[in-house]
Amino acid sequence: MKAMESLFKKNYLYELPDDIHVIIYKKVYQDTLANIREKKEGINKFNKLQAYIKDNHFNKRQAVWSIFLCNRRDVGDPYYKYFTYYADNETDFLHLNKSKLIRYNEAYSKIRYIDFSIYPIQDRIPSDNFNYIKNTFEQYIHIFISLKHYKAITSGTSNKYRNFNDVKLLRDKIRIEFADTYVFRCPIDIYSNILETYNFILCILDVLSVLPEYNLDYIGDIGDLRDWFANNAFFRGFRVNNKGDTIVPSFSD
């Protein structure tokens, strides 16, 4: 009898005033809608990345996904055995891990940098050459991004570089710094930004290596860096540093 009585206990939620009901339901629906929007955003980014990889596979002038070089940790069990035997050379890795790749990860919100490793350029050329190349590279990027920002504002178009805060040429890396307002939410955010920023850097190096107004004594060094980047175009994976604020991607030729 007591068990039956417990089934029909009074639900005090229904006895609350209507204005309280409105607040409760509004909060519930807002959280639900936020979850739906978050998942939809992840799926949209997933589809864009998939299209990008299919369009650019084996294009040596852009970063592409070297699907066969993804390691077991990246793919994860139990998918690894299926990946080994059935994955093609395009995007099966993404299909196998779609739910994982679009899932929100709060830890990624700490990310502020992508560090692209390069050969230790400062150790291979005189200091004056390095300082000239560094200043030329960074100044041109600032001009390029500023012009893109201005064009986007005046024309009302979207600016895909709006999330970049700064780009630095260091001794053994090129560092992309993201604006504080940009938040990495899931692995797809990381993959998309790695490929986009790689191609952005290569585009800048392509331009600098042929501009006649720059000192010809240093064009060869810029060209060497450009060629090094272009020859290491196959994206293999990434790691996040111990502080959790930097992505370190790996590439191969």
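The values are calculated or read from the model by the stated rules, or taken from the named source; none is laboratory data. Treat the numbers as computed from the prediction; the structure is a model and nothing was measured. Accessible surface areas use protein heavy atoms only, side chains included; no ligands, DNA or RNA. Shrake-Rupley method; radii C 1.70, N 1.55, O 1.52, S 1.80 Å.
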| remark: Counting only protein heavy atoms with a 1.4 Å probe and every protein chain in place, the carbon and sulfur fraction of the accessible surface of region 107-184 in whole percent equals 48
| Using alpha-carbon pairs under 8 Å, 6+ residues apart, how would you state the relative contact order of region 120-253 in percent? | 17
| remark: Any residue on another chain or 5+ positions along whose placed amide H is under 5 Å from the amide H of Ile111 is listed here as Phe184
| task | Once you've got the Cα coordinates, tell me which of Lys48/Lys110; Lys98/Lys148; Lys27/Lys151 are over 31 Å apart. | result | Lys98/Lys148; Lys27/Lys151
| query | For Lys173, which sequence-distant residues (separation of 5 or more, or a different chain) have an amide H within less than 5 Å of its own amide H, given hydrogens modelled in the peptide plane? | reply | Ile118
| field | Per-residue HN-Hα couplings for region 111-120 [Karplus 6.51, -1.76, 1.60; θ = phi - 60°; Hz; x = Gly/Pro] | value | 5, 10, 9, 10, 9, 8, 5, 10, 4, x
| query | Check Phe164: other-chain or 5+ apart residues with amide H under 5 Å from its amide H, H built from backbone geometry? | reply | Ala179
| request: Give the value in nm², to one decimal: projected area of the alpha carbon convex hull of region 183-253, averaged over all directions. | output: 5.9
